[in-house]
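Report on the following structure.
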């Protein structure tokens, strides 16, 4: 295969700046693909966990519902249910006792809401981990590739000028090789942008399911029954009894 032109020749003929830009783009590409694959697997796993939210409400008691939610480790739905249960239990334990801390002035609804919101915020932070990498790669990779192109064109023109030959066959090759850096920058940026958008949509779906579960959980912990999504306003549906 003729390596007079192409990526191999760009690497062999390029200086340390050209090679540094190429290595930087390669590292950014690897980082973005690693983030995309890891976060995509996380979203698929969270979607499977979200499917267990509805069976939770058809349990005989709260303990059975927790078992149906799946393992506790890195399970936002299980963690949300546990946080809500502990918050409601805390309020009931301190009822009738002297108020010694500021949060003791909160009623059961406010305290449960606060704890559920904190759990959702923690999950949101975990879901957004790594998205900054994709955003940074998608926004900077084209400009890094463009810098490599400008640098390559500059050196190509200097070499052509020193040789004293400005024919089309002498200009087209070096200039075309320099433009490869722009193409590499776009090849790195486009998957990062598409992956970022897809992951954001997936995260929104998970958070929507989590907020819906938290809303029903709040109603159950405060009133003893789940708010019905399809009935008349204000009606509640209790958990299935044994």
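No lab work stands behind these numbers, since they all come straight from the coordinates. Remember, it's a predicted structure, so these values are computed and weren't measured experimentally. Positions of Cβ are backbone-derived with ideal geometry, glycine not excepted, and every protein chain shown enters the neighbour counts.
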I need 181, 28, 158 ordered by Cβ neighbour count within 10 Å, fewest first. 158, 28, 181
How would you rank 17, 188, going from fewest to most other Cβ atoms within 10 Å of each one's own Cβ? 17, 188
